[in-house]
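Novice: The structure that follows is given in the form of structure tokens.
The values are calculated or read from the model by the stated rules, or taken from the named source; none is laboratory data. A quick note: this is a predicted structure, and the numbers were derived from the prediction, not measured. Because the Cβ atoms are built from the backbone with ideal geometry, glycine has one as well, and the counts that use them run over all protein chains shown. Note: accessible area is taken over every heavy atom of the protein model, side chains too, but ligands, DNA and RNA are not part of it. Shrake-Rupley method; radii C 1.70, N 1.55, O 1.52, S 1.80 Å.
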Amino acid sequence: MAVPWLCHAGAGNPAIASSPAAANARLAQYLEAEVAALERRTAQLLQDIQPWEQVRNRWREQAAEMLGLHPLPPRTELQPVITGTAEHQDVVVEKLHFQSLPRLYVTANLYRPRHVTGRLPAVLYVCGHGPVITNQISYGNKVSYQHHGVWFAQHGYLCLILDTVQWGEILGVHHGTYRQDMWWWNARGYTPAGVETWNGMRALDYLLTRPEVDASRLAVTGRSGGGAYSWFIAALDDRVKAIAPVAGITDLRNHVLTGCVEGHCDCMFWVNTHRWDYPMLAVLAAPRPLLLVNTDSDNIFPLDGVIRTDTHLRRVYQQLKRPNDYGLVIGPGPHKDTQNLQVPVFRWFNQYLKGEDPIIHVGATKPFTPAQLKVFATLPADALNTNIHEVFVPAATPPSAPASLAEWTSLRQAWLDALKEKTFAGWPAEDTVRLTKVASAKDAGLLCEIYEISPQPHVVLRLYTLQRTASRRPQQMRLWVRSGPWAEPQLDANLPGALRETRAAFSSHQNPSAAPPAGEIWLALYPRGTGQDTWSGDARKQTHLRRRFMLLGQTVDSMRVWDIRQSVLALNQVKAWNKLPLTLEAQGNMAVNALYATAHLPENLVNRSLSLILHDLPRSHQQGPDYLNVLKILDIPQALLLAASACEQVRVDTPEPSAFSWTETAARNLGWEKRLLIRRGDSSALAR
């Protein structure tokens, strides 16, 4: 299945990186291969799930971690407040708020029958994206879904309808990577899906304080975004006894390849640390009664992905000997809240929560005005809702700078292990890299050669080399790690093609007529998505491409780290280069990528002295490249010490030297003052 805008046209031989069409073709093949690999892994994991309790507990912990909920936050006082009521015929609505964390307000409406006798089953209804905003006043998306609460109350249930962080009465943010360039969400391991899940779990806590609620008869449902939150809440909370997500799930194939990711904001996704496909989440509802509901023409939850998920669920429920407690309903129509979808949910809950199966009459409408359902007359001044993303998943606190080599050795290994497991788990399992010379030319005393490096299938990079032909034997190598699209300068049209291309490769920060000193080889490397391998598409397409990588348990820049690492290893395949001293030089975000690549070079495969020159090094992953969860482990100043541990010398030019005081202190403690040089500088240094 092709990624829609990554057309294969003109890419008959994708071995040569020479056009956007070829780059797009390789990218499409790469995404297809990665999705297929995760599908195979998912099928294997779900093939035999026994012993289920043990397996489920392990997967539940992973799900919680990917939602930013491991360990769970403390269950602080809810401080519930009922601010008023509204009535319609036999239904009473309580307008209330509680705090799922201190100052994180959750606004909600509780629908109940006017006359309650005994304890009733309770339904938690979680809302999708249905904002109601008039004259810059938000009434919450609970208003859009009021008819569900009315029906449940009319038929003997309590129903609590929650506002979301994004479209509640206090407006928060769901579009961090989708629209607002908050790529540090990936680095922090943050997703708004985690906040919505936590709010749902605390809503269950609140329901259990109500004397009208039967704790053994709790259910969760919702559609669209609410369908997704239904899956998340049920996965983590066993108090939910029946689940009916509506239009809230499809699989990675649809998200990544069909392009459904472009129709969803960040609240629909976990940070895919453990590289799950969506059936892994779905089966965590088992063996509780689960009804999967969707329409046949839903463009953001396509039917084919729903059916593939259904196949896994049926197999799991059969393994658990509960096949009748799982159901699938497909109704006609697009992505829309219709009676065709409501009726099966009502019937499912009647069966499993009330033990009855009457004829369903759906007559509920939306009898309340937005003002009648509004909780706050004045919004609380201390609300954390608008910036909950800044504090929900805490960043790691840097340890004290290591005072001895033994202390550093232990800390270094702990960081490398954590990065391998939580940040770079999307790297290939094996160190296989192919280096092939594809062109060579001589002119005016210069020899240029063009190599292709394949650090993994469907990824082909260009490595350009330039040296003086008069040099008998090179003494050292300088590798510039480039970034950005290809920009060919004005060059002599009579130059040989390979030489012209090589000159262009060095042109970003070097005079095109410059030449390396005698005995030195210049190299220029363009990691994936840069240079002639730049992927086409406007800014919006590039944003959603980056989000696709996160869904695969990677990021574009984390895979560029792999590209640089593998390219350094590939240099060993050229006998004349095998033991030459190597200096890596890079700027900005690519400097961070080069730093991590150096820190992760296997000691037994590197038989050369290494140096790093890093220009405009960002002070933190809050501004620098995003790797999954990295800020839960360390930040760039600590990673800089990892790189220094693998190098003879690291020179850093940065506009903020004070940001690296931790690194300088550690270097002094370890006696590395000459190994690590941090100075004030800017990008102009790269031209010198």
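Novice: Determine the pairs where a residue that is within 28 Å of residue 470 (Cβ to Cβ) and open to solvent by 30 Å² or more (accessible area, probe 1.4 Å), located within region 509-536, has a partner that is outside any loop (DSSP other than H, G, I, E, B) and at pLDDT 90 or above with Cβ atoms under 6 Å apart, the partner being 6 or more residues away or on another chain.
Specialist: Pairs that qualify, where the first residue is within 28 Å of residue 470 (Cβ to Cβ) and open to solvent by 30 Å² or more (accessible area, probe 1.4 Å) and the partner is outside any loop (DSSP other than H, G, I, E, B) and at pLDDT 90 or above, are 518/468.
Residue by residue, here is whether (1) over 21 Å from the mean Cα position of the chain (by Cα); (2) touching a residue at least 12 places away in the same chain (Cβ under 8 Å); (3) under 28 Å from residue 551 (Cβ atoms) holds:
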{"residue": "593", "(1), (2), (3)": "no, yes, yes"}
{"residue": "611", "(1), (2), (3)": "yes, yes, no"}
{"residue": "620", "(1), (2), (3)": "no, yes, yes"}
{"residue": "623", "(1), (2), (3)": "no, yes, yes"}
{"residue": "630", "(1), (2), (3)": "no, yes, yes"}
{"residue": "638", "(1), (2), (3)": "yes, yes, yes"}
{"residue": "641", "(1), (2), (3)": "yes, yes, no"}
{"residue": "659", "(1), (2), (3)": "yes, yes, no"}
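Novice: Right, something else. Does region 6-17 contain any residue that is in contact with a Leu (Cβ under 9 Å, 6 or more places away or on another chain), surrounded by 15 or more Cβ atoms within 10 Å (Cβ to Cβ) and either of a type in the set (Gly, Ala, Ser) or at pLDDT 90 or above (or both)? Full working, then the answer.
Specialist: Of the residues in region 6-17, the ones in contact with a Leu (Cβ under 9 Å, 6 or more places away or on another chain) are 6, 17.
Then drop every residue that is not surrounded by 15 or more Cβ atoms within 10 Å (Cβ to Cβ), which leaves 6, 17.
After this cut, where a residue has to be either of a type in the set (Gly, Ala, Ser) or at pLDDT 90 or above (or both) as well, the list is 17.
Yes, region 6-17 contains at least one residue that is in contact with a Leu (Cβ under 9 Å, 6 or more places away or on another chain), surrounded by 15 or more Cβ atoms within 10 Å (Cβ to Cβ) and either of a type in the set (Gly, Ala, Ser) or at pLDDT 90 or above (or both).
Novice: Six or more apart or on different chains, Cβ atoms under 6 Å: show the pairs whose first residue is in region 337-362 and more than 16 Å from residue 123 (Cα to Cα) and whose second is at pLDDT below 95 and part of a loop (DSSP other than H, G, I, E, B).
Specialist: If the second residue must be at pLDDT below 95 and part of a loop (DSSP other than H, G, I, E, B), the pairs left are 339/362.
Let's see how each residue does on (1) among the β-branched types (Val, Ile, Thr); (2) open to solvent by 10 Å² or more (accessible area, probe 1.4 Å); (3) assigned to a loop (DSSP other than H, G, I, E, B):
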{"site": "584", "(1), (2), (3)": "no, no, no"}
{"site": "594", "(1), (2), (3)": "no, no, no"}
{"site": "601", "(1), (2), (3)": "no, yes, yes"}
{"site": "608", "(1), (2), (3)": "no, yes, yes"}
{"site": "611", "(1), (2), (3)": "no, yes, no"}
{"site": "618", "(1), (2), (3)": "no, yes, yes"}
{"site": "622", "(1), (2), (3)": "no, yes, yes"}
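Novice: Mind checking which pairs have a first residue in region 434-458 that is aliphatic (A, V, I, L, M) and a second that is open to solvent by 20 Å² or more (accessible area, probe 1.4 Å) and part of a strand (DSSP E or B), Cβ under 6 Å, 6 or more apart or different chains?
Specialist: If the second residue must be open to solvent by 20 Å² or more (accessible area, probe 1.4 Å) and part of a strand (DSSP E or B), the pairs left are 447/467; 450/438; 450/439; 453/435.
Novice: Inside region 131-242, counting only helices (runs of 4 or more DSSP H) that do not spill past its ends, which hold 2 or more residues that are under 27 Å from residue 370 (Cα atoms), open to solvent by 20 Å² or more (accessible area, probe 1.4 Å) and of a type outside the set (Ser, Thr, Tyr)? Even if it seems obvious, please write down each step before you answer.
Specialist: Numbers: elements: 146-154, 184-188, 192-207, 225-236.
In region 131-242, the matching helices (runs of 4 or more DSSP H) lie at 146-154.
Novice: Continuing with the same structure: Exactly one condition in (1) among the aliphatic types (A, V, I, L, M); (2) crowded, with 20+ Cβ neighbours inside 10 Å; (3) more than 30 Å from residue 429 (Cα to Cα) is not met by residue 268; state its number.
Specialist: Every condition holds for residue 268 apart from (3).
Novice: Within region 587-596, is even one residue polar (S, T, N, Q) and touching a strand residue (DSSP E or B) at 6+ places or on another chain (Cβ under 9 Å)?
Specialist: Looking through region 587-596, at least one residue is polar (S, T, N, Q) and touching a strand residue (DSSP E or B) at 6+ places or on another chain (Cβ under 9 Å).
Novice: Within region 99-120, track down each residue that is farther than 17 Å from residue 385 by Cα and either in contact with a Ser or Thr (Cβ under 9 Å, 6 or more places away or on another chain) or open to solvent by 10 Å² or more (accessible area, probe 1.4 Å) (or both).
Specialist: 112, 113, 114, 115, 116, 117, 118, 119, 120, listed by residue number.
Novice: Moving on. Please count how many residues of region 556-581 are in contact with a helix residue (DSSP H, G or I) (Cβ under 7 Å, 6 or more places away or on another chain) and either free of Cβ contacts under 8 Å to residues at least 12 places away in the same chain or not in a helix (DSSP H, G or I) (or both).
Specialist: 1
Novice: In region 446-459, is there at least one residue being touching a Pro at 6+ places or on another chain (Cβ under 8 Å), open to solvent by less than 10 Å² (accessible area, probe 1.4 Å) and hydrophobic (A, V, I, L, M, F, W, C)?
Specialist: Looking through region 446-459, none of the residues is touching a Pro at 6+ places or on another chain (Cβ under 8 Å), open to solvent by less than 10 Å² (accessible area, probe 1.4 Å) and hydrophobic (A, V, I, L, M, F, W, C).
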